[in-house]
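The next block holds one structure in the form of structure tokens; read it before the comments.
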Amino acid sequence: MNRRNLPLDVVKENLNKGEISAMQNSFLTVLKWKDKRDVTVMSTCHDHQMQMSTGFRPILKPKIVLDYNRGKKGIDVAGLACQP
């Protein structure tokens with residue numbers, strides 16, 4: 001969230017659970033979504049589209065987050081397995 005040149009309108013926005021704030025130019029989308037904590041993502045191939053998650057309790061999530069969770073492998077989950 002402290003990366004240079006991110007739009008401050010998105011990064012500094014106070015959100016309630018389930019809300020999003022996004023800004024898009026010709027090739028980059030910056031999105032902030034509030035779940036249990038703030039989730040900030042950048043993507044060159046997504047927009048701010050929302051989609052229902054699958055699972056025991058389906059909730060409305062940004063498609064960027066769902067695609068990330070579906071594709072994370074290796075180092076992204078390695079730290080989770082080591083925690084007691």
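Going residue by residue through the range 44-59, is there one that turns out to be at pLDDT 90 or above, β-branched (Val, Ile, Thr) and within 11 Å of the chain's Cα centre (by Cα)?
No - not one qualifying residue is present in the range 44-59.
Within the range 1-49, restricting attention to residues that are of a type in the set (D, E, K, R) and open to solvent by 90 Å² or more (accessible area, probe 1.4 Å), which residue is nearest to Leu60 (Cα to Cα)? Spell out the reasoning first.
Pass one, the range 1-49, residues of a type in the set (D, E, K, R): 3-4, 9, 12-13, 17, 19, 32, 34-38, 47.
Keeping just the survivors that are open to solvent by 90 Å² or more (accessible area, probe 1.4 Å) gives 3-4, 9, 12, 17, 36-37.
On the way: Arg3: 27, Arg4: 29, Asp9: 23, Lys12: 22, Lys17: 11, Lys36: 13, Arg37: 15 Å.
Ranking the qualifying residues of the range 1-49, first place goes to Lys17.
Looking at (1) at pLDDT 90 or above; (2) out of contact with any Leu (no Cβ under 6 Å at 6 or more places or on another chain), which is the one condition that is false for Val77?
Checking Val77 against (1) at pLDDT 90 or above; (2) out of contact with any Leu (no Cβ under 6 Å at 6 or more places or on another chain), the one that fails is (1).
The values are calculated or read from the model by the stated rules, or taken from the named source; none is laboratory data. What you see is a predicted model; the values in this text were computed from it and never measured. Cβ sites come from the backbone with ideal geometry, for glycine too, and all protein chains shown count toward neighbours. Heavy atoms of the whole protein, side chains included, go into the accessibility calculation; ligands, DNA and RNA do not. Shrake-Rupley method; radii C 1.70, N 1.55, O 1.52, S 1.80 Å.
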